[in-house]
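Enquirer: Have a look at this one before I ask anything.
The values are calculated or read from the model by the stated rules, or taken from the named source; none is laboratory data. Bear in mind the structure is a predicted one, so any value in this text is a computation, not a measurement. Here the Cβ is made from the backbone with ideal geometry for all residues, glycine too, and neighbour counts use every protein chain on show.
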Amino acid sequence: MVGTLFRREFASYFATPVAYVFILIFLMLGGVFSFYIGNFYERGQADLLPFFNFHPWLYLFLVPAMAMRSWSEERKSGTIELIMTLPVTIWQVMLGKFLAAWMVLGLALILTFPLWLTVNYLGNPDNGIILAAYLGSWLMAGAFLAIGMCMSALTKSQVVAFILAVVVCFLFVLSGSGIVLDAFKGWMSPMMLDTLASFSFLTHFESMAKGVIALNDVGYFLIAIGIWLYGGFLAVEQKKAE
Amino acid sequence: MISVKNLCKQFGSFKAVDNLSFEVRPGDIVGFLGPNGAGKSTTMKMLTGFLPPSSGEIRIFDQDILQSAKQIQRRLGYLPEGAPAYGDMTPLQFLNFIADVRGLKGEQKKQRLAKVIDMVELRSMLDRPIENLSKGFKRRVGLAQAILHDPQVLILDEPTDGLDPNQKHQVRELIQNLSKDKIVIISTHILEEVTSVCNRAMIIAGGKMLFDASPDDLQRRSRYYKAISLHFTQMTDISGLAELPGVEDMEIEKHSGRVVLFPERQQDIMPVVSAYIRDRGLQVDRLYEEQGRLDDVFRQMTAEVSE
């Protein structure tokens, strides 16, 4: 059943220009960031670190844009009434939607392969590290997506869903960054500070971008996905009538 | 069989549905009538398991809707208000999707799809995105979706709203042609639809049930039921008509000159009226018995509630 729902959602990303626009912008910005801002060539290192370092910031805006229509659109057009009175559960619909969007994100990542070819042509990178970074990036994208879908379930308006998702994602990215941690350093105990930093997508992604696949990082993203999807489930159940 | 007991739905302080109880048996085609905001759609949303009731009980095929929503929904077809559908899909893709979700497979799926597409005459529009279709075709897609799995219970929320007279006629025929052992509930605010399609009419206003009987009974409630309308060729003294036995009241419509005679207690006054006319040699160019005016009854009933 999830498969049927997944196919519908996945096809709908390509029936509307959403998937194409997303992939195109992602590839363009990814390239611009790694070559111009990340100094891909000047660093003289055969790795994709400058490319992956910008992923959290790319996802910050692109993924909420992709997730915003998932539930808002259903509520706005009334199709939520249709789908909820078919013999499928909210969870099945949620998973179908999530997996479909996650696959589009995965596809966008796969299409960055020319970069990988380039770095392999220019030098001898550790492809294991690159693979781990890709996996980490995809997992992080999933967490962003789950947040976006939860926010989309909260409101009929796609714009509101987008803004909410960007704000929440921003908090999760930022909570591990120097600016925030410095601000809290004065009056928080180191343990609280560590806890705060451990919620950040950045902290967990950085080690994966360097090729370390630790169980706690993978687990963190999977749990984050689960929790936010559950939040979305509650929102759909509570607010479907409005 | 559907059994509803003391059904209530509260939105904040607003009571959308207030203590409804009724039973529907196979073969019943029920017309839900009521002004806008009467609670028709809310009731249907609860019947289909989309909204949980605030209190009360809904049982369909002896299963509680709250506990076994998914089992019930398998045997239920539903056209929500406004016939929502995924606009980016074509009718063919959409119906295929619904068929998959409904668990139709292989040959059976092919047959049902072909049959339903023919029933709603959708064949010419199969490959256009639904969002580009006209209102009438969108409605047909919604109907096709609802009857695709040949459900035992069919719930249609305003199936003919926004359709032109030909399309309305088609939809009514389609509903009448469904097999006789099904339960059909349609909501509408078009009264003629109830007399032409349904064998049972329920009037709801302010969330309450005001009337539940056959459409004929509804007509019988009208002041005009069995009233005699007549029109005289020339001006004549007709005051004697009002004095006839069984005639309670007489009204003359100013602009048309039509005379309406209202019977006492729904008696048959045609014989006395026609005898009177014959005896006096009055020139009448029109004379007929009224069926009862539904919109009159409807307005009268629902006005009491809204006051």
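Enquirer: Residues that are more than 13 Å from chain A (Cβ to nearest Cβ) and either among the β-branched types (Val, Ile, Thr) or surrounded by fewer than 19 Cβ atoms within 10 Å (Cβ to Cβ) (or both): does region B:77-85 have at least one? Spell out how you get there, then give the answer.
Expert: First, the residues of region B:77-85 that are more than 13 Å from chain A (Cβ to nearest Cβ): none.
Taking every residue of region B:77-85 in turn, none turns out to be more than 13 Å from chain A (Cβ to nearest Cβ) and either among the β-branched types (Val, Ile, Thr) or surrounded by fewer than 19 Cβ atoms within 10 Å (Cβ to Cβ) (or both).
Enquirer: Quickly run through region A:1-32 and pick out the residues that are farther than 14 Å from residue A:107 by Cβ and either within 14 Å of another protein chain (Cβ to nearest Cβ) or touching a Leu at 6+ places or on another chain (Cβ under 7 Å) (or both). First the steps, then the outcome.
Expert: Pass one, region A:1-32, residues farther than 14 Å from residue A:107 by Cβ: A:1-5, A:7-8, A:12, A:15-17, A:28-29, A:31-32.
Answer for region A:1-32, where residues must be farther than 14 Å from residue A:107 by Cβ and either within 14 Å of another protein chain (Cβ to nearest Cβ) or touching a Leu at 6+ places or on another chain (Cβ under 7 Å) (or both): A:1, A:2, A:3, A:4, A:5, A:7, A:8, A:12, A:15, A:16, A:17, A:29.
Yes or no, residue by residue, for (1) out of contact with any Cys (no Cβ under 9 Å at 6 or more places or on another chain); (2) buried (at least 21 other Cβ atoms within 10 Å of the Cβ); (3) assigned to a helix (DSSP H, G or I); (4) within 14 Å of chain B (Cβ to nearest Cβ):
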site: A:36; (1), (2), (3), (4): yes, no, yes, no
site: A:45; (1), (2), (3), (4): yes, no, no, no
site: A:57; (1), (2), (3), (4): yes, no, yes, no
site: A:64; (1), (2), (3), (4): no, yes, yes, no
site: A:91; (1), (2), (3), (4): yes, no, yes, yes
site: A:108; (1), (2), (3), (4): yes, yes, yes, no
site: A:116; (1), (2), (3), (4): yes, no, yes, no
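Enquirer: Residue A:112 - would you say it is within 13 Å of residue B:50 (Cβ to Cβ) and either surrounded by fewer than 19 Cβ atoms within 10 Å (Cβ to Cβ) or more than 10 Å from chain B (Cβ to nearest Cβ) (or both)?
Expert: Values: within 13 Å of residue B:50 (Cβ to Cβ): no; either surrounded by fewer than 19 Cβ atoms within 10 Å (Cβ to Cβ) or more than 10 Å from chain B (Cβ to nearest Cβ) (or both): yes.
Against the criterion (within 13 Å of residue B:50 (Cβ to Cβ) and either surrounded by fewer than 19 Cβ atoms within 10 Å (Cβ to Cβ) or more than 10 Å from chain B (Cβ to nearest Cβ) (or both)), residue A:112 does not qualify.
Enquirer: Continuing with this model, one more query. Condition first: assigned to a loop (DSSP other than H, G, I, E, B) and crowded, with 16+ Cβ neighbours inside 10 Å. Now tell me which residues in region B:86-105 satisfy that. Working first, answer last.
Expert: So in region B:86-105, the residues assigned to a loop (DSSP other than H, G, I, E, B) come out as B:86-90, B:102-105.
Selection gives B:86, B:87, B:88, B:89, B:90, B:102, B:104.
Enquirer: Pull out all pairs, ordered by first then second residue, where Cβ-Cβ is under 8 Å, the residues are six or more apart or on different chains, the first lies in region B:253-278 and is farther than 15 Å from residue B:220 by Cβ and not assigned by TED's automatic domain parsing to the domain that holds residue B:240, and the second is of a type in the set (A, V, I, L, M, F, W, C) and surrounded by 13 or more Cβ atoms within 10 Å (Cβ to Cβ).
Expert: Filtered contacts from region B:253-278: no entries.
Enquirer: Residues in region B:150-159: is at least one farther than 23 Å from residue B:93 by Cβ and surrounded by fewer than 17 Cβ atoms within 10 Å (Cβ to Cβ)?
Expert: Within region B:150-159, none of the residues are farther than 23 Å from residue B:93 by Cβ and surrounded by fewer than 17 Cβ atoms within 10 Å (Cβ to Cβ).
Enquirer: Also: Could you run through region B:34-46 and say how many residues are within 11 Å of chain A (Cβ to nearest Cβ) and surrounded by fewer than 24 Cβ atoms within 10 Å (Cβ to Cβ)?
Expert: Final tally of qualifying residues: 2.
Enquirer: Return the residues of region A:123-177 that are outside any helix (DSSP H, G or I) and among the small types (Gly, Ala, Ser); say none if nothing qualifies.
Expert: Hits for region A:123-177 are A:123, A:157, A:175, A:176, A:177.
Enquirer: Can you tell me which of B:181, B:216 is without any contact (Cβ under 8 Å) to a residue 60 or more places away in the chain and either surrounded by fewer than 18 Cβ atoms within 10 Å (Cβ to Cβ) or part of a helix (DSSP H, G or I) (or both)? I'd like the intermediate steps shown before the answer.
Expert: Values: B:181 fails: without any contact (Cβ under 8 Å) to a residue 60 or more places away in the chain.
Matching residue, one of B:181, B:216: B:216.
Enquirer: Give the number of residues within region B:1-53 that are more than 16 Å from residue B:213 (Cα to Cα), part of a loop (DSSP other than H, G, I, E, B) and not hydroxyl-bearing (Ser, Thr, Tyr).
Expert: Number of matching residues: 12.
Enquirer: Sticking with this one: Kindly indicate the residue of region B:114-157 that is in a loop (DSSP other than H, G, I, E, B) and more than 24 Å from residue B:193 (Cβ to Cβ) and also farthest from the other protein chains (Cβ to nearest Cβ) among those meeting that condition. First the steps, then the outcome.
Expert: Quick first cut of region B:114-157, residues in a loop (DSSP other than H, G, I, E, B) only: B:120-122, B:126-129, B:133-134, B:148-152.
Now narrow it down to the ones that are more than 24 Å from residue B:193 (Cβ to Cβ): B:126-129, B:149.
Working: B:126: 15, B:127: 13, B:128: 12, B:129: 8, B:149: 10 Å.
Filtering first and then ranking leaves B:126.
Enquirer: While we're here: Report, ordered by the first and then the second residue, all pairs with beta carbons closer than 8 Å, sequence separation of six or more or different chains, a first member in region A:191-202 that is at pLDDT 80 or above, and a second member that is surrounded by fewer than 16 Cβ atoms within 10 Å (Cβ to Cβ).
Expert: Correct list of pairs: A:200/A:177; A:202/A:177.
Enquirer: Report yes if residue B:109 is within 13 Å of chain A (Cβ to nearest Cβ), outside any loop (DSSP other than H, G, I, E, B) and exposed (fewer than 14 other Cβ atoms within 10 Å of the Cβ), otherwise no.
Expert: On the way: within 13 Å of chain A (Cβ to nearest Cβ): yes; outside any loop (DSSP other than H, G, I, E, B): yes; exposed (fewer than 14 other Cβ atoms within 10 Å of the Cβ): no.
No, not satisfied.
Enquirer: Residue pairs, Cβ under 9 Å, 6 or more apart or interchain, first in region A:155-176 and within 17 Å of residue A:228 (Cα to Cα), second among the charged types (D, E, K, R) and surrounded by fewer than 19 Cβ atoms within 10 Å (Cβ to Cβ). List them.
Expert: Pairs found: A:155/A:239.
Enquirer: So, of the residues in region B:2-28 that are within 14 Å of chain A (Cβ to nearest Cβ) and out of contact with any Leu (no Cβ under 8 Å at 6 or more places or on another chain), which turns out to be surrounded by the fewest Cβ atoms within 10 Å (Cβ to Cβ)?
Expert: Of everything passing the filter in region B:2-28, B:12 is surrounded by the fewest Cβ atoms within 10 Å (Cβ to Cβ).
Enquirer: So, one more: Residues B:31, B:49: which one is within 14 Å of chain A (Cβ to nearest Cβ) and of a type in the set (Gly, Ala, Ser)?
Expert: Values: B:31 fails: within 14 Å of chain A (Cβ to nearest Cβ).
B:49 is the lone residue from the list that is within 14 Å of chain A (Cβ to nearest Cβ) and of a type in the set (Gly, Ala, Ser).
Enquirer: Under 8 Å by Cβ, and 6 or more places apart or on different chains, what pairs join a residue from region A:5-17 that is free of Cβ contacts under 8 Å to residues at least 24 places away in the same chain with one that is surrounded by fewer than 17 Cβ atoms within 10 Å (Cβ to Cβ) and part of a helix (DSSP H, G or I)?
Expert: A:14/A:20
Enquirer: So, in region B:53-76, exactly how many residues are more than 12 Å from chain A (Cβ to nearest Cβ) and aliphatic (A, V, I, L, M)?
Expert: Number of matching residues: 3.
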